[in-house]
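Nothing in this text is a laboratory measurement; each read-out follows from the coordinates by a stated rule. On a predicted model such as this, the values are computed, not experimentally measured, just so you know. Counting neighbours? That spans all protein chains shown, and the Cβs are built from the backbone with ideal geometry, glycine included.
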Amino acid sequence: MSDDNLPVVVIFRRWRGNNGGDIIALFPEQPADYQGWFCDAYEHVGQHGGADYYGVIQVTSPVSDQDAAPLARELERIGYRLKPIKRASHKHHEARRATAQSYRP
């Protein structure tokens, strides 16, 4: 979660196949590791974790705002201000890597 009150870029996707169609929230600008290779992610079950953005995109499908609403409300309840987008650009991935670099001593 962001420490300040700035909006957090989020992409909602639905798992395909036998995962029951659960929805995952990807935060393409937020690193989950010190190199910035993985982004932060959130699901109802399991909650926060790291994700390979490109890998998740390949095995998920876009969702409507209506389908994403329950997960969005859950994230807002725990303090997120969300800025939903449909696709991450190079700018988002570079921001994640730059943030990860700032964590290094």
* Amide H to amide H, which residues 5 or more places from His48 or on other chains are under 5 Å from it, using H placed in the peptide plane? -> Glu43
* **Mean ellipticity per residue at 222 nm, deg cm²/dmol - from DSSP H runs of n ≥ 4 across the chain, formula -39500 (n - 2.57)** => -9000 deg cm²/dmol
* Given 10 Å bins starting at zero, what is the percent of C-alpha pairs of the stretch 8-102 in each, up to the one with the largest pair distance? -> 17, 53, 28, 3
* Among DSSP beta bridges whose residues both lie in the stretch 1-102, state the antiparallel percentage, nearest 5. => 85
* Asked: If each residue's Cβ is checked for other Cβ atoms within 10 Å, how do Leu82, Leu75 rank with the fewest at the top?
  -> Leu82, Leu75
* Neighbouring Cβ atoms within 10 Å as the yardstick, rank His92, His48 fewest first. => His48, His92
* To do: Subtract the Cα-Cα distance of Glu74 and Gln35 from 0.36 nm times their separation in residues, and report this length gain in nm to one decimal.
  => 11.2 nm
* Structure fact -> Simple spin-label estimate for Arg81/Tyr103, 7 Å along Cα→Cβ, in nm, reads 2.3
* Asked: How much length is gained on full extension from His44 to Asp65, taking 0.36 nm per residue of separation minus their Cα-Cα distance?
  -> 5.9 nm
* Structure fact -> For the chain, averaging the sequence separation of alpha carbon pairs under 8 Å that lie six or more residues apart and dividing by its residue count, the contact order in percent is 35
